[in-house]
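Participant: Below is the structure I would like to discuss, written out as structure tokens.
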Amino acid sequence: MRILSSKKMEKISHAKAQRRKALPRCEEFLCVLASLREKYFFLLFATALVLTGCAQQMGHQPHVRPLEPSSVFADRQSARPPVAGTVVSGYTRTNHRLDPLPPFDPNSDSLPFALNAGVLQRGRERFEIYCSECHGLTGDGNGIVVQRGFSRPPSYYDPRLRQAPLGHFYDVITNGYGAMASYAA
């Protein structure tokens, strides 16, 4: 252990005293700096608020009304025709079907259309797109949506559904049932 002389001890204690005196000055400076920072922040915030209210570029964009002439397109029309191949959803603005669905007996053992290889292939594609999320690719009712908490649909292996007539499946797909929405085109 090193022993310090009395002069060195005095210098150390004097330096500590000087630091203690300087500390209140630093605290005052920090308080002034903090109040200035608050004032400048408020001024900056108020300026930003005022300037954003001055220019409403999103609210006043150039636009055309429906069926108004437009110089943008070659046919001078603002409304665009439907894309070729667009299928009408079947509902009007009043939400009534344009063409009512033909009556179909859900207890029928036949389909309202001819069954062939093309229909089966399309049915498989539609099943993989629309149905497999809930029913699973194998029809066991354990699709990805069910694994994430949605209610489980019945399995196609259930004896009740294996005995159901063909019309039942057509009716459920067309009109929906329980949590399943209608897939009528």
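The values are calculated or read from the model by the stated rules, or taken from the named source; none is laboratory data. Given the structure is predicted, the values throughout are model-derived calculations rather than measurements. In this analysis, Cβ positions are derived from the backbone assuming ideal geometry, glycine residues included, and neighbour counts consider all displayed protein chains.
Participant: Just one of (1) small (Gly, Ala, Ser); (2) modelled with pLDDT of 80 or more; (3) closer than 24 Å to Ala184 by Cβ trips up Ala74, so point out which.
Facilitator: So Ala74 meets the others, but not (3).
Participant: Conditions: (1) at pLDDT 90 or above; (2) exposed (fewer than 10 other Cβ atoms within 10 Å of the Cβ). Pro81 meets all but one. Number of the miss?
Facilitator: Pro81 satisfies all of (1) at pLDDT 90 or above; (2) exposed (fewer than 10 other Cβ atoms within 10 Å of the Cβ) except (1).
Participant: Which condition number does Ala164 fail, the rest of (1) touching a Phe, Trp or Tyr at 6+ places or on another chain (Cβ under 8 Å); (2) modelled with pLDDT of 90 or more being met?
Facilitator: (1)
Table: residues versus (1) out of contact with any Leu (no Cβ under 8 Å at 6 or more places or on another chain); (2) of a type in the set (S, T, N, Q); (3) at pLDDT 80 or above; (4) in a strand (DSSP E or B).
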position	(1), (2), (3), (4)
Arg93	yes, no, no, no
Ser108	no, yes, yes, no
Val119	yes, no, yes, no
Arg124	yes, no, yes, no
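Participant: From the residues in the range 140-170 that are touching an Asp or Glu at 6+ places or on another chain (Cβ under 9 Å) and of a type in the set (Ser, Thr, Tyr), which one is surrounded by the fewest Cβ atoms within 10 Å (Cβ to Cβ)?
Facilitator: The residue in question is Tyr157.
Participant: Going by what's in this entry, would Ala55 be described as at pLDDT below 70, surrounded by 10 or more Cβ atoms within 10 Å (Cβ to Cβ) and among the aliphatic types (A, V, I, L, M)?
Facilitator: Criteria not met by Ala55.
Participant: Can you list residue pairs whose Cβ atoms sit under 8 Å apart, with the first residue in the range 161-185 being at positive phi and the second being at pLDDT below 85? Count only pairs 6 or more apart in sequence or on different chains.
Facilitator: If the second residue must be at pLDDT below 85, the pairs left are Gly176/Ser182; Gly176/Tyr183.
Participant: Can you tell me how many residues within the range 145-160 are assigned to a helix (DSSP H, G or I) and touching a residue at least 12 places away in the same chain (Cβ under 8 Å)?
Facilitator: Count: 2.
Participant: Still on this structure: Can you say whether Asn116 is among the polar types (S, T, N, Q) and free of Cβ contacts under 8 Å to residues at least 60 places away in the same chain, as far as the supplied structure shows?
Facilitator: Answer is yes for this residue.
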